[in-house]
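The values are calculated or read from the model by the stated rules, or taken from the named source; none is laboratory data. Since we're looking at a predicted model, the values are computed, not measured. Here Cβ is always computed from backbone atoms with ideal geometry, including for glycine, and neighbour counts include all displayed protein chains.
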Amino acid sequence: MQTFYARQSLKLRVPSAPIPIEDYLQEPKWLVAAITEADQVEAIGDDCFRLELRAKRFMQLQFKPQVDLKIWMGTDGTLYIRSTNCQIIGLEDLQRSFSLELAGELAPLHKGPKTWLHGSAQIEVNLELPAPLKMIPGTVMKSAGNSFLGGILKTMKGRVRRQLVKDYRRWAQVQATDTATAVANS
């Protein structure tokens, strides 16, 4: 059994907006929209989503990961994300020995007039390597696997940096406009 692991941290300045980021983060769908393309995600229940990542290639293996995620907000305003199920489409023979654990958190932190989002995500994959890959030295395989997982997390981190802030600004403006319109009409 081989174990691969990667971790990424995030510190992101949140722009000033008329509505606090905590209100925005109460809707888990916003975080999901920030970490992946709309055509790669499906809502499967309350605060549960299925992500189907684009086809990946690792060494000689080609597969498409499908991960079910639960996203919820803790009482302290921290947003949590956990994998609940995973399949590797295209490598069904490895499914029996395959496990994936994804966990992350994202929390707003107020420092004076500025707000920051602090978070981290980690991913761990365990699997029994197919015979051809067992020929590769363990340290080389471990390094390649960890790097592969790190690349997935870096992609998600980059999307959160670009998309979450942009979506939050747009959402806050719409909310503020709707509130102002409702007050003016009452």
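Consider segment 1-49 and keep the residues that are of a type in the set (V, I, T) and assigned to a loop (DSSP other than H, G, I, E, B). The one that is farthest from the chain's Cα centre (by Cα) is I19. Scanning segment 74-113 for residues that are within 21 Å of L153 (Cα to Cα) and either touching a Cys at 6+ places or on another chain (Cβ under 8 Å) or assigned to a strand (DSSP E or B) (or both) yields a count of 22. If you go through segment 67-87 and keep only what is modelled with pLDDT under 90 and within 13 Å of the chain's Cα centre (by Cα), you end up with nothing.
Counting only residues that are among the aliphatic types (A, V, I, L, M) and buried (at least 16 other Cβ atoms within 10 Å of the Cβ), which one in segment 33-49 is modelled with the highest pLDDT? Working first, answer last.
Our first condition is that a residue be among the aliphatic types (A, V, I, L, M); within segment 33-49, this holds for 33-35, 38, 41, 43-44.
Filter once more, keeping what is buried (at least 16 other Cβ atoms within 10 Å of the Cβ): 33-35, 41.
Details: A33: 82, A34: 82, I35: 81, V41: 89.
In this case the residue turns out to be V41.
Quick check: is even one residue across segment 74-83 free of Cβ contacts under 8 Å to residues at least 40 places away in the same chain and charged (D, E, K, R)? The answer is yes, given that some residue of segment 74-83 is free of Cβ contacts under 8 Å to residues at least 40 places away in the same chain and charged (D, E, K, R). A count restricted to segment 118-138 and to residues that are out of contact with any helix residue (DSSP H, G or I) (no Cβ under 9 Å at 6 or more places or on another chain), in a loop (DSSP other than H, G, I, E, B) and surrounded by 15 or more Cβ atoms within 10 Å (Cβ to Cβ) stands at 0. List, please: which pairs have Cβ atoms under 9 Å, are six or more places apart or on different chains, and start with a residue in segment 164-176 that is at positive phi and modelled with pLDDT under 90 and end with one that is surrounded by fewer than 18 Cβ atoms within 10 Å (Cβ to Cβ) and not basic (K, R)? As it stands, the answer is none, since no pair meets every condition given. Do we have I89 as crowded, with 17+ Cβ neighbours inside 10 Å and either among the hydrophobic types (A, V, I, L, M, F, W, C) or in contact with a strand residue (DSSP E or B) (Cβ under 7 Å, 6 or more places away or on another chain) (or both) here? It is false that I89 is crowded, with 17+ Cβ neighbours inside 10 Å and either among the hydrophobic types (A, V, I, L, M, F, W, C) or in contact with a strand residue (DSSP E or B) (Cβ under 7 Å, 6 or more places away or on another chain) (or both). The residue that is surrounded by the most Cβ atoms within 10 Å (Cβ to Cβ), counting only those in segment 1-32 that are under 15 Å from K111 (Cα atoms) and of a type in the set (D, E, K, R), is E22.
For K64, the conditions (1) buried (at least 17 other Cβ atoms within 10 Å of the Cβ); (2) in contact with a Leu (Cβ under 7 Å, 6 or more places away or on another chain); (3) assigned to a strand (DSSP E or B) all hold with the exception of (1). When the criteria are applied in full, T155 fails the requirement of being touching a Lys or Arg at 6+ places or on another chain (Cβ under 8 Å) and of a type in the set (S, T, N, Q). Scanning segment 50-61 for residues that are surrounded by 14 or more Cβ atoms within 10 Å (Cβ to Cβ) and part of a loop (DSSP other than H, G, I, E, B), we see that the one that is modelled with the highest pLDDT is L53.
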